[in-house]
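The values are calculated or read from the model by the stated rules, or taken from the named source; none is laboratory data. All of these numbers come straight from a predicted model, not from anything done at the bench. Using ideal geometry, Cβ is built from the backbone for each residue, glycine included, and neighbour counts are taken over all protein chains shown.
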Amino acid sequence: MTTPSEPSPAPAHRIAPPNDDWSGYGFDTRQVHVGESDAHGYNARLTPIYLTAGYRFDSFQQGWDRFSGEEPGQIYSRNLNPTHLVAEQRIASLEGGAGAILVGSGQAAITTALLGLVGAGEHVVSTASIYGGTQTIFQRTFSRLGIEVDYVWDWADEGEWDAAIRPETKVIFTEPIPNPRNDLIDIAAVARVARRHGIPLMVDNTLASPYLTRPIEDGANVVVHSSTKFLTGHGAALSGAIVDGGNFDWAASSRSYPGITEPPAAGGPSLLERYGDRALEVYLRQGVVNDMGPALSPITSFLLQQGIETLSLRVERHCDNARTLAFWLDEQPEVGRVDYAGLPSSPHHDLAQRIYGGRPGSVFSFSLAGGRAAAEVFYDALRVFSRMTHLGDTRSMALHVATTTHVGFTPEHRDRLGIDDGLIRLSVGIETVDDLIADLRQALDAVRDAGL
């Protein structure tokens, strides 16, 4: 019979607890660790998936305090779930924001953030090159709510901005890497316009991700993501994120943002007075997200966390592959034009070099010299590139823009955006680049063999 061993004496040295403050650590470290905690003391290395719709209150008073905002904490998973908190804190850290909120999709993130700041009879000014789906939201849905949107075509022309901005303008909206043509925007320049007019700048950072650029550092006030894309990275789950930069002076603005600056209840403090630089995040969470219910599944936020852990590794390969393909396509006789800002011939080349080190993301377009007929033959010949509407996935994808994301635009609008009938958008994945080149080459051969 084995005699039980004596308990080990207490160690003479200090046993360090796991780290829980990741401020000051590098991007790669923060993308793996920020937000994780062991709330229940089981020492689980990964945050559990909290599949619960609601939460018990300890007392009558706690229920009252949580609904009144006196005490932070869970009420219902429609607007706050412990699994979400990890990804929310992680994304806020990577973007350099004061806080973040997860919602059900990128479109939900844009809609939620804008509806928190803009109402009927008010106005948004946007750069014209934004994603076609966002323009569709503005034209089809926001217009029915009495919200107008006007577009600036030359972001470098301050006179055009001044002419577009009105007293009722409440938000400026833009994207640093527009989809599909990789025609870059200098966020710092647009932020100067926004500051001069006292208007918050909202930036959709989906295509860049915080690994390539962090708009808040350049003066943006709100950042949104379709976190379905690069942040998750594997195409398995829809989600969206809103980041509050915590850097806009809501009280000093000449424009009215009552949900933030006015007390929600008579005699009480405003959200700005109570929460300071997190006032917008809290307002969107307690107000728009709670009221409209664009809720995210905890399973999906767990998948998002897993994706963020490898963000920098994936984006490095995405960008390397995209650069190789863009330069290769630029030399092919079947190709009439390549819209990739890293090319020396691009009008956006200087920005690509200054901001992105010559690697401006991995979503770009090219136009086949043979037009629509050539595009159809090319598209149908692809075998490694998936024919689908999505981007930011580990897998490479191709899309004919004029007949999909921009099919509802007039020909005149598409022409002004540079979206011709031969245009193909690529979202370049992380496969072996020689295999991607071979697939593009055999599809171009099909175009040549068809006499197009």
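Checking the conditions here, which among 326, 374 is hydrophobic (A, V, I, L, M, F, W, C) and out of contact with any helix residue (DSSP H, G or I) (no Cβ under 9 Å at 6 or more places or on another chain)?
So the residue among 326, 374 that is hydrophobic (A, V, I, L, M, F, W, C) and out of contact with any helix residue (DSSP H, G or I) (no Cβ under 9 Å at 6 or more places or on another chain) is 326.
Are there any pairs, at least 6 apart or on different chains, whose C-beta atoms fall under 6 Å, with the first in segment 192-218 and assigned by TED's automatic domain parsing to the domain that holds residue 239 and part of a loop (DSSP other than H, G, I, E, B) and the second of a type in the set (Ser, Thr, Tyr) and crowded, with 24+ Cβ neighbours inside 10 Å, and if so, which?
206/226
Hey, can you tell me all the residues within segment 342-377 that are under 22 Å from residue 434 (Cα atoms), hydrophobic (A, V, I, L, M, F, W, C) and part of a loop (DSSP other than H, G, I, E, B)?
343 - this is the single residue of segment 342-377 that is under 22 Å from residue 434 (Cα atoms), hydrophobic (A, V, I, L, M, F, W, C) and part of a loop (DSSP other than H, G, I, E, B).
Any idea which residue in segment 77-101 is surrounded by the most Cβ atoms within 10 Å (Cβ to Cβ), counting only those that are over 19 Å from residue 116 (Cα atoms) and β-branched (Val, Ile, Thr)?
In this case the residue turns out to be 91.
For segment 301-331, name all the residues that are among the polar types (S, T, N, Q), within 18 Å of residue 105 (Cα to Cα) and surrounded by fewer than 22 Cβ atoms within 10 Å (Cβ to Cβ).
Scanning segment 301-331 gives a single hit, 306.
If I filter segment 392-415 for residues that are among the acidic types (Asp, Glu) and surrounded by fewer than 18 Cβ atoms within 10 Å (Cβ to Cβ), do I get at least one hit?
Yes - at least one qualifying residue is present in segment 392-415.
Return the total of residues in segment 24-74 being among the small types (Gly, Ala, Ser), loosely packed, with under 13 Cβ neighbours inside 10 Å and in contact (Cβ under 8 Å) with a residue 60 or more places away in the chain.
1
Got a number for residues in segment 90-114 being under 16 Å from residue 245 (Cβ atoms), of a type in the set (Gly, Ala, Ser) and not in a helix (DSSP H, G or I)?
Residues meeting the conditions: 5.
Which condition does residue 302 not pass, out of (1) assigned to a helix (DSSP H, G or I); (2) over 24 Å from residue 28 (Cα atoms); (3) in the same structural domain as residue 95 (by TED's automatic domain parsing); (4) not acidic (Asp, Glu), if it passes all the others?
It fails just one condition, (2).
Tell me, please, whether a residue that is assigned by TED's automatic domain parsing to the domain that holds residue 271, charged (D, E, K, R) and under 29 Å from residue 359 (Cβ atoms) can be found in segment 240-247.
Scanning segment 240-247 turns up at least one residue that is assigned by TED's automatic domain parsing to the domain that holds residue 271, charged (D, E, K, R) and under 29 Å from residue 359 (Cβ atoms).
Just one of 157, 150, 186, 162 is within 25 Å of residue 212 (Cβ to Cβ), surrounded by fewer than 23 Cβ atoms within 10 Å (Cβ to Cβ) and modelled with pLDDT of 95 or more; which is it?
On inspection, the qualifying residue turns out to be 186.
Report whether or not residue 129 is buried (at least 18 other Cβ atoms within 10 Å of the Cβ) and more than 21 Å from residue 243 (Cα to Cα).
Yes.
Give the residues of segment 141-191 that are assigned to a helix (DSSP H, G or I) and either of a type in the set (A, V, I, L, M, F, W, C) or in contact with a Ser or Thr (Cβ under 8 Å, 6 or more places away or on another chain) (or both), sorted by residue number.
Within segment 141-191, 141, 142, 145, 161, 163, 164, 187, 188, 189, 190, 191 meet the criteria.
Name the one entry in 409, 378 that is of a type in the set (Phe, Trp, Tyr) and under 25 Å from residue 155 (Cα atoms).
Just one listed residue meets the conditions, 409.
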